[in-house]
There are 6 protein chains.
Amino acid sequence: MRLLVANPNTTPQVTELCARAARAVASPGTEILPVTGRFGAEIINSRAENAIAAHAMLEMLAEHAPGADVVLLAVSYDTGLLAAREVLSVPVVGMTEASMLSACLLGTSFGLVTFGTPTVYRELVALYGLTDRLAGIRSIVASPKDAYADPATVDAKVADAAAALVEETGAEVAVLCGAAMAGMPARIADRVPVPVIDGIAAGVGLCEMLVKLKAAKAKVGSLAHPGMRPTVGLAAPLSALLKGG
Amino acid sequence: MRLLVANPNTTPQVTELCARAARAVASPGTEILPVTGRFGAEIINSRAENAIAAHAMLEMLAEHAPGADVVLLAVSYDTGLLAAREVLSVPVVGMTEASMLSACLLGTSFGLVTFGTPTVYRELVALYGLTDRLAGIRSIVASPKDAYADPATVDAKVADAAAALVEETGAEVAVLCGAAMAGMPARIADRVPVPVIDGIAAGVGLCEMLVKLKAAKAKVGSLAHPGMRPTVGLAAPLSALLKGG
Amino acid sequence: MRLLVANPNTTPQVTELCARAARAVASPGTEILPVTGRFGAEIINSRAENAIAAHAMLEMLAEHAPGADVVLLAVSYDTGLLAAREVLSVPVVGMTEASMLSACLLGTSFGLVTFGTPTVYRELVALYGLTDRLAGIRSIVASPKDAYADPATVDAKVADAAAALVEETGAEVAVLCGAAMAGMPARIADRVPVPVIDGIAAGVGLCEMLVKLKAAKAKVGSLAHPGMRPTVGLAAPLSALLKGG
Amino acid sequence: MRLLVANPNTTPQVTELCARAARAVASPGTEILPVTGRFGAEIINSRAENAIAAHAMLEMLAEHAPGADVVLLAVSYDTGLLAAREVLSVPVVGMTEASMLSACLLGTSFGLVTFGTPTVYRELVALYGLTDRLAGIRSIVASPKDAYADPATVDAKVADAAAALVEETGAEVAVLCGAAMAGMPARIADRVPVPVIDGIAAGVGLCEMLVKLKAAKAKVGSLAHPGMRPTVGLAAPLSALLKGG
Amino acid sequence: MRLLVANPNTTPQVTELCARAARAVASPGTEILPVTGRFGAEIINSRAENAIAAHAMLEMLAEHAPGADVVLLAVSYDTGLLAAREVLSVPVVGMTEASMLSACLLGTSFGLVTFGTPTVYRELVALYGLTDRLAGIRSIVASPKDAYADPATVDAKVADAAAALVEETGAEVAVLCGAAMAGMPARIADRVPVPVIDGIAAGVGLCEMLVKLKAAKAKVGSLAHPGMRPTVGLAAPLSALLKGG
Amino acid sequence: MRLLVANPNTTPQVTELCARAARAVASPGTEILPVTGRFGAEIINSRAENAIAAHAMLEMLAEHAPGADVVLLAVSYDTGLLAAREVLSVPVVGMTEASMLSACLLGTSFGLVTFGTPTVYRELVALYGLTDRLAGIRSIVASPKDAYADPATVDAKVADAAAALVEETGAEVAVLCGAAMAGMPARIADRVPVPVIDGIAAGVGLCEMLVKLKAAKAKVGSLAHPGMRPTVGLAAPLSALLKGG
């Protein structure tokens, strides 16, 4: 099984971190293929950057998805998820979607810990129809880069935020919502009184599950490939993908 | 990995069908352990039968879950799911919960095809907070027993119902909602224009994912074990389980 | 009118307290018939105990409902309510359902004061479709047994919690949510600035109202009796009830 | 117990019909006191007429509620319900509110049959927070006056509409939603496969229940009397009522 | 363009303040026509007063709307909005409705600052279907009269409440919700870190937009004029308006 | 007032149609400045095309918004709306958002008529928090290009779909949802029994209203400019805009 880990941030270290975390949980026989975005923000953390990154994501997938069996989006905004699901013929999983759906199997509600803006994540939860299971969101004052530079400090902030979420909102699972938090649950689990999960680990598991399900690509509906569509000024593989090629 | 497949219907053939479907998708190294309920309805299909079966489920799990790494409830009502999740220390997955969460990875909405009463499944969808993603429910006029006796006829009814759901409600995934439909998606996929999934296959995949996540048991909240509780008149293993033993 | 007060906790003192509270508000001509569960938890306070108690409730009703005109469930979880409503031919009212619906006649929102876990009551409110009218829930640190042993202390805790709910959430009615709080509103009303109600008093009034309405039993839908159903290993009256006998 | 039946339609025959239906279900010792609106539409059936009728209702209650123990609004729009509840010191029940809350005790969802505009009733259901339990609404082509002139024909239309609601929407209770339908359930019950209820019968029962509860008037919140308020140009009793006199 | 500014409070100073604020933002060629209610509360601030004021509003519009091109309701409860929209042939805009819809163009959520009861405004937001965009409501301890007598003090209170709403709830727009706050945004904008708007300014803009749209009056639905309706005891112009004259 | 009409479809005829419709309703003194996207689909009609177009939109706005007072997005998907609102200092209005908010002033519910996929518009309605006011969506079988080539035929299809929406769903306003439908309401209004509006006309009016409101740019929240952000490989004006330049 070839599992593409697609990171639209233009920072290769984020890709590497995610790939390492993915390999740590992948089943024997699952090959992890990491790729990084060509243009856009170094670290996506605004609506505009995320909008641009969706284009970068599609361009990247048009080039690299052929040959892969499944795709995991390694970005906490699940950038371009539905667009990718529409045009690709293999399953696509977003890391935040993965962590939230997995959290649903472990508790009646979940809380999110993020580096970013709660409103944007709340919109993502609503898009996925999971608002009723969201207990709350806590943003921590740290950047993804801090997570690489000083993991112990960021681990402590995340653990504190997760414990506070549980205490104040009754969250029954803590979801770590950021590519830079990949692999962190194992380090902080004993500081949080509920299950702690992250999107890369959950996402790899769900990707493997989907490949085994062998479910067919939709032929109708909003995720069917729209078919032959003329475009202007796009990279050749992307243009070909939109043409259904 | 030892995966307990727990069927509270008192009909061993249902257990066998589910076990066979589970083995068909399980990873190498996953052992499927099927068990059947001791008392209650032969085929659960009413609120009262389901209420009684939750007791049977807990009694069965009290006896058989020790030694298992994860539990899959092989009954479309996900009978006793939250109660089992509360008292057991290993992950527990309901087959209908599993199919609906997996469907969320394949389409923006899903439809259910069942042998039973739509209202009860609608309540289950609401309990899981997934109402926004439910496109509709279709009941077919057939019993689980028909599914064993005359699979081709029941396959056709299910395929027709799934196709009608897609046509009329815009459902983007068809979820087959019944233990007796385990294994059916492969046979009818080409008659339905969207992905078709069933709970046993999805559930086995999610069980394997959860075991790999190694998430801790909740110590607080509504799914923490409530601790030392005196009871009267219960089977010894169940009484011990409630005592936290 | 014969009104069955059915308590699935296996503690007869709870039954007696509820029966006394019921007799205090019953109309002349209403006979209160209390019964107690045969097996399960002494005081139900977890999901697993509640699941087991639903079986005990149905077994108890199968034996005692014949001859009664209406049934009041004397347990704050409304254990087995919909299952009982499905198989019995007389009306069935849950005490918490009763208090919440009555609260809707007295304020635009209500708050719950309980001995138990907020999450489970929140699920009950959602099952009844009343989430929009729920202002909040407060759990008090006391057990039902404390309520019998030291009523003045527990009264004070409940009154304080109710007043805090009003202050902090804007709740316009305080609902006391526990069989052990039967009769408490009269003692604490002057310490809470909004109406205070409990489930036994409200439930008796609603039972009397339903009997006078003489509404017919549903012949279709999720609360119609499912008809002839074979079962294994159940008490004879329950087995007969499920057979529609 | 003195129960005021307040009809803001300026048609005394509607008042009489409601009073007769109320007396038919009232307990011994409950005295029914009917009153009719002084100004406004003969039969309220538009938003503007209903807005005007709320003033007429308050004027009528200011004059007649003193001396009554409880008030039942005999108009399917529950005209002025929350305003009346705010300024009166005795409980106030709307007939449609009453029928919907009672329906919640008999089925998991209810359907409404009305003479009027579905949108307005849908707004009322939403105001009461009961949208999740509404299966659907059917308007029949007939006027309240037809109901008096040719009851058999209107009975048939209502019965057909109720049966269609059950068939098409899965409604588990049929609520007859119009003052002119008071007393109709007994005549059509055998033509509808689920319980049928009307607002006057349900309302009288709920009024009696509330009087027995002896719940206190709210001192805070949106239904507390706002206290000393100067007004211009109102009838003297209404002016006095708003002054808290 | 003739724009009627209709204030159902019986206090002419409120009308004048609103007219002044309306003229300050009106386009050249828009004539502002202010009118004041004939009966009811000096300042509407309770459910009963608001119910009575809806009648006063309709009476006032029946007399003054003929000749106007559009109507702005100058009262924060949007008193009688849907009733007016039903019977008039020109567009009608409520000032609070206007400010909330305009806020939707400036932020993903809005908060309300009012002189009144949060519950009643929350019901208004729900009636408009905007609950998902409401971040919160803050009431300030001041009366509309204070706003005229001591504007600096009230400005400070409103600015503080708006800033607190933003801080505590994440509101992305602050909506000032009271006729007496007309014109206040310009004075406090630099003390609040998000856009601040009031209903009169927003309402005038939306009235002008609607007149330019030249959309037709609904001929069907809940806002179509119900046609010939006999009434009793109403002012002649209102009686004529209800007759469709 | 300079009003930028930004069309991310790479088809200049769509831009021209929208500009013409905008000029037809603009106030004297409002200058319409049309611009067309540089890359992407000729006519956006899929999720992937829309994702790419958001990048094109932001690039176009980075170049052309400086000097404009307000921006109207001339694309029925409101492509890149929140991202544009985040990074620009002037107000931004989406044409579909505009038509839906305006519809809220004319009816209690609205229906959408589109050339595209209902699911995607439904997600847009949900993002705006307006689901409760959506009566339904009808797609017509025609392309935007047909609307230019054979307007009479497309007018008839749209009018029929709008009338059917009203009949079947009770929609009280018909919203024409497509840039190619700009200006159509005037032609079909007499074939539809409720108000008909389109996004360009409504959008121009709302843009003018917002400019007059002079509301400040948010300094906090999800629509504040995120400040200095390094990027890679973007067009110079867009890179500068993201840097806050």
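When the accessible area of each residue in region D:37-85 is compared between its chain alone and the complete protein assembly (1.4 Å probe; ligands, DNA and RNA ignored), which residues differ by at least 40 Å², being lower in the assembly?
Residues passing the criterion (a loss of at least 40 Å², heavy atoms only) are D:39, D:40, D:42, D:47, D:48, D:49, D:51, D:52, D:55, D:82, D:85.
Mind checking how much accessible area A and F bury in total, 1.4 Å probe, in Å² rounded to 100?
The A and F chains share an interface burying roughly 2800 Å².
Collect residues whose amide H, placed 1.01 Å from N in the peptide plane, falls under 5 Å from the amide H of residue A:40; neighbours closer than 5 in sequence don't count.
Those lying under 5 Å, H to H, from residue A:40 are F:232, F:233, F:234.
Could you compute the net charge surrounding residue A:99? Neighbours are other residues with a C-beta less than 12 Å from the C-beta of residue A:99; K and R count +1, D and E count -1.
-3
Roughly what % antiparallel, to the nearest 5, for the DSSP beta bridges in the protein assembly as shown?
Values: 12 of 166 bridges.
For the protein assembly as shown, the DSSP antiparallel bridge percentage is about 5.
Between residue C:2 and residue E:148, what is the spin-label point distance in nm, taking each point 7 Å from the Cα along the Cα→C-beta axis?
My value for the distance between the label points is 7.0 nm.
Per-residue HN-Hα couplings for region B:3-8, Karplus 6.51 cos²θ - 1.76 cosθ + 1.60 at θ = phi - 60°, whole Hz, x for Gly and Pro?
10, 7, 9, 10, 10, x
Using Cα springs under 10 Å in a Gaussian network model of chain C, which residue among C:207, C:177, C:104 shows the largest mean-square fluctuation?
Among C:207, C:177, C:104, the largest mean-square fluctuation in the Gaussian network model of chain C belongs to C:104.
Calculate what fraction, in whole %, of the accessible area of region C:1-141 sits on carbon and sulfur atoms when a 1.4 Å probe is rolled over the protein chains. Kindly include the intermediate steps, with their values, before the conclusion.
Values: 2000 of 3950 Å².
Here it works out to 51 percent.
So what's the net charge close to residue F:201: Lys and Arg +1, Asp and Glu -1, counting the other residues with Cβ under 12 Å from its Cβ?
Numbers: positive: E:212, E:214, F:20, F:23; negative: F:198, F:208.
For residues surrounding residue F:201, the net value is +2.
Where does the protein assembly as shown land on Rg/Rh, using Cα atoms and the Kirkwood Rh?
Rg divided by Rh gives 0.95.
With r defined as the distance between the Cβ atoms of residue D:216 and residue A:155 and R0 fixed at 35 Å, what FRET efficiency is calculated, to the nearest 0.05?
Using R0 = 35 Å, I get an efficiency of 0.10.
Calculate for the protein assembly as shown the 222 nm mean residue ellipticity that helices alone would give, adding -39,500 (n - 2.57) per DSSP H run of length 4 or more and normalising by residue count, nearest 500 deg cm²/dmol.
Result for the protein assembly as shown, helices only: -13500 deg cm²/dmol.
Straight-line reach from residue D:219: which lysines have Cα under 28 Å away, leaving out those fewer than 8 places along the same chain?
Hits, sequence-local ones excluded: C:157, D:243, E:145, E:157.
Which ³J(HN,Hα) values in Hz, rounded to whole numbers, follow from the phi angles of region D:201-210 under the Karplus curve 6.51 cos²θ - 1.76 cosθ + 1.60, where θ = phi - 60° and Gly and Pro get x?
Listing the rounded values in order: 4, 4, x, 4, x, 6, 4, 5, 4, 5 Hz.
Chain F: Rg/Rh from Cα coordinates, Kirkwood Rh?
Values: Rg = 17.4 Å, Rh = 18.1 Å.
Result: Rg/Rh = 0.96.
Can you run the Rg to Rh ratio on region F:1-133? Use alpha carbon positions and the Kirkwood inverse-distance Rh.
Checking Rg against Rh, the ratio lands at 0.95.
Once the Cβ-Cβ distance between residue B:235 and residue C:24 is put in as r, and R0 is 25 Å, what FRET efficiency do you end up with, to the nearest 0.05?
Calculated value: 0.05.
How high is the relative contact order of region B:33-121, given as a whole-number percent (alpha carbon pairs under 8 Å, six or more residues apart)?
22
Once you treat every alpha carbon in region B:131-245 as an equal point and sum by Debye, what is log10 I(q)/I(0) at q = 0.17 Å⁻¹?
-0.87
Percent antiparallel among DSSP beta bridges with both residues in region C:97-198, to the nearest 5?
Beta bridges within region C:97-198, antiparallel portion: roughly 0 percent.
Percent of accessible area on region F:181-220 owned by carbon and sulfur, 1.4 Å probe?
60
Using the eigenvalues of the Cα gyration tensor, what equivalent ellipsoid semi-axes result for region B:121-162 when each is taken as the square root of five times the eigenvalue, whole Å, largest first?
26, 11, 7
Can you give the local net charge around residue D:67? Use residues other than it whose beta-carbon is closer than 15 angstrom to its beta-carbon, Lys and Arg +1, Asp and Glu -1. Don't jump to the answer; show the numbers that get you there.
Numbers: positive: D:2; negative: D:31, D:63, D:69.
Computed value for this residue: -2.
Roughly what % antiparallel, to the nearest 5, for the DSSP beta bridges in chain A?
The antiparallel proportion sits near 0 percent.
Would you mind telling me which residue in D:176, D:33, D:112 has the biggest mean-square fluctuation in a Gaussian network model of chain D, where springs connect alpha carbons within a distance under 10 angstrom?
Comparing D:176, D:33, D:112 in the GNM, the peak value goes to D:33.
Pick out which of B:164, B:21, B:149 has the largest mean-square fluctuation in a Gaussian network model of chain B, springs linking Cα atoms closer than 10 Å.
B:149
Residues of the protein assembly as shown: accessible area per residue at 1.4 Å, in Å²?
32
What are the residues whose amide H is under 5 Å from the amide H of residue B:109, where those residues sit 5 or more places off or on another chain and H is modelled from the backbone?
B:172, B:173
Can you list the residues of region B:100-115 whose accessible area drops by at least 50 Å² going from the chain on its own to the full set of protein chains, with a 1.4 Å probe?
B:101, B:105, B:106, B:108
Whole-Hz ³J(HN,Hα) for each residue in region B:111-125, computed from phi via Karplus 6.51 cos²θ - 1.76 cosθ + 1.60 with θ = phi - 60°, x for glycine and proline: what do you get?
3J(HN,Hα) across region B:111-125, in whole Hz: x, 10, 10, 9, 8, x, 7, x, 4, 5, 5, 4, 5, 5, 4.
Output the direction-averaged projected area (hull surface divided by four) of the convex hull of the alpha-carbon atoms of region A:97-198, in nm².
Working: hull surface 22.0 nm².
Mean projected area for region A:97-198: 5.5 nm², to one decimal.
The values are calculated or read from the model by the stated rules, or taken from the named source; none is laboratory data. Bear in mind the structure is a predicted one, so any value in this text is a computation, not a measurement. When we count neighbours, we look across all protein chains shown, and the Cβ atoms used for this are built from the backbone with ideal geometry, even at glycine. To get the accessible areas, we keep the full protein, side chains included, count just its heavy atoms, and leave off ligands, DNA and RNA. Shrake-Rupley method; radii C 1.70, N 1.55, O 1.52, S 1.80 Å.
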